[in-house]
Amino acid sequence: MSAAARGGSRTGDQARGSRVAASTRAWLSLTLLLPLAAPLRAQEAGDSAAAHQAAVAWLQLLDDEEYQVTLDSAAPLLRQMTGSVERWEQFVEMARPNVAVPVERRLVLVEADVQIPGAPPGRYTRLTFEMPAVDRLAVETVVVQQMDDGWRVAMYGVRGG
């Protein structure tokens, strides 16, 4: 029986064969590339964990009112924006007048590789925390920048504090 009599044609069989071959190549390509994606996700998770750890350690110093230490250990962007430890202390006290001490905070959002308008080029991660204030929840935002020696706080702010 000819290909035409079987309901197909030589060109139809060739087209079907080409689709199968293309689909097989795509599947093989995906199968070969997936193991490469896993280390990237693991690296991103490691970066997020390191960024979170740096932010929490820095926030503990801030909670302990170690203003000089927090400023000295911050990224250059935060040091440039504040200018002096006195101005930094005034900013923190104005931003957090109703925050309960000791501070209990809960991480609610991590945004990796964010773009910060007006900031120098670099890798930034934004971490958003909720923490109790006197009569409501305050939202605390910490932006850390990856530096040669690790993650450092580049921006800090509180809403509802």
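Observations on the structure shown:
- nm² value of the averaged projected area, convex hull over the Cα atoms of the range 44-159: 6.8
- Average Cα contact separation per residue, the range 44-159, under 8 Å, 6 or more apart, as relative contact order %: 27
- Ordering VAL92, VAL69, VAL114 by the projection of their Cα atoms onto the charge dipole of the range 44-159, which places +1 on the Cβ of Lys and Arg and -1 on the Cβ of Asp and Glu, puts VAL114 at the extreme positive end.
A short reminder: the numbers here are calculations on the coordinates, not readings from a lab. This structure is a prediction, so every number in the text was calculated from the model and none was measured. Using ideal geometry, Cβ is built from the backbone for each residue, glycine included, and neighbour counts are taken over all protein chains shown.
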